[in-house]
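Take a look at the structure set out below.
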Amino acid sequence: MYTIEQGMANVWADPTAIVIAAFITYGFGFLQYGASMWMQVKNKQCPFYFWMHAWYFGHDVTFAFICFNMWFFEIGWWLFEVLCIGCMMFVCIEIFSLYQCVKNERQEVFGRFTNGKPVSKQYAWTRGLIGYAIGVLLFQAIRVTIGDPLCLFLMMSTNAILALMTQRRFDEIGHYQPGMKFLAVFTLLGTCFTFSPKGIGFFASIVDPLNNPLFFAVGALCIASSCRAIWLAWKMDAQRQQALE
């Protein structure tokens with residue numbers, strides 16, 4: 001797909017713009033995850049699917065630990081070092097999410113594998129850790145296969161999945177939960193920056209193959225899905241308020 005040299009050449013062409021785009025993109029990522037973690041603790045139900053967390057864990061472990069030597073000793077640019085540390089924080093967040101899943105959602109998430117029988121914490125932890133391990137293996141295998149040395153194409157995929165699946169998860173939950181509005185708005189804004197064109201967006205500015213109509217078509221679909229999540233959040237809140245009257 002691209003080489004480290006090609007990606008870094010785009011970085012050096014306008015490093016200030018890359019830094020700004022990166023902090024905007026990562027900033028919304030932290031806001032999205034902050035909202036989702038608050039919702040998972042507050043509502044005892046995560047607004048993301050478990051398989052999404054497994055994929056995100058694969059990304060975070062790859063970017064933070066498998067690529068650690070590349071960031072700090074081969075490339076040695078401070079932004080990627082900061083993003084690496086940020087992914088270490090996300091690894092901790094994903095482990096906390098799994099803990100919350102085992103504590104409060106193990107029957108919903110893993111009950112399908114026990115034919116509805118009660119799911120023990122040990123079983124849930126085993127299933128969860130195996131899922132996370134598969135996420136790491138799958139992420140690394142795809143990264144090598146498609147030629148994504150800087151992990152940026154696959155990092156973009158984490159945002160795309162979130163944009164596409166949040167509204168679907170809201171459908172499944174079926175009623176308003178505190179935090180839905182914030183998560184939906186942060187998702188829309190983060191998605192807009194994720195799929196922004198070269199010179200504005202973090203990913204398209206570094207990875208040249210992303211500058212094509214298909215990338216922006218996927219972006220349009222993700223933005224539409226994010227808008228639907230906003231519509232669902234406000235609709236379900238209105239229904240909740242009407243029921244209280």
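Annotations
- Just one of (1) under 14 Å from the mean Cα position of the chain (by Cα); (2) of a type in the set (Phe, Trp, Tyr); (3) under 15 Å from residue 49 (Cβ atoms) fails for residue 139. It is (3).
- Checking each residue in segment 155-169 for being under 13 Å from residue 188 (Cβ atoms) and either open to solvent by 20 Å² or more (accessible area, probe 1.4 Å) or among the aromatic types (Phe, Trp, Tyr) (or both) picks out 159, 164, 167.
- Residues being part of a loop (DSSP other than H, G, I, E, B), out of contact with any Lys or Arg (no Cβ under 9 Å at 6 or more places or on another chain) and surrounded by 15 or more Cβ atoms within 10 Å (Cβ to Cβ) - total across segment 134-154: 2
- Residue 80 meets the conditions (1) open to solvent by 80 Å² or more (accessible area, probe 1.4 Å); (2) aromatic (Phe, Trp, Tyr); (3) closer than 26 Å to residue 21 by Cα in every case but one. The failed one is (1).
- Selection of helices (runs of 4 or more DSSP H) fully inside segment 1-110 by the criterion of at least 3 residues being in contact with a Cys (Cβ under 8 Å, 6 or more places away or on another chain) and at pLDDT below 95 returns nothing.
- Going through (1) within 25 Å of residue 191 (Cβ to Cβ); (2) of a type in the set (Phe, Trp, Tyr); (3) open to solvent by 30 Å² or more (accessible area, probe 1.4 Å) one by one, residue 72 falls short only on (1).
- Residue that is farthest from residue 150 (Cα to Cα), among those in segment 206-218 that are touching a residue at least 40 places away in the same chain (Cβ under 8 Å) and open to solvent by less than 40 Å² (accessible area, probe 1.4 Å): 210
- Positions within segment 111-133 being open to solvent by less than 40 Å² (accessible area, probe 1.4 Å), part of a helix (DSSP H, G or I) and over 18 Å from residue 173 (Cβ atoms), in sequence order: 124, 128, 131, 132
The values are calculated or read from the model by the stated rules, or taken from the named source; none is laboratory data. As the structure is a computational prediction, the values presented were derived from the model and not from experiment. With ideal geometry, Cβ positions are generated from the backbone for all residues, glycine too; neighbour counts draw on all protein chains shown. For the accessible areas, the whole protein counts, side chains as well, though only heavy atoms, and no ligand, DNA or RNA atoms are used. Shrake-Rupley method; radii C 1.70, N 1.55, O 1.52, S 1.80 Å.
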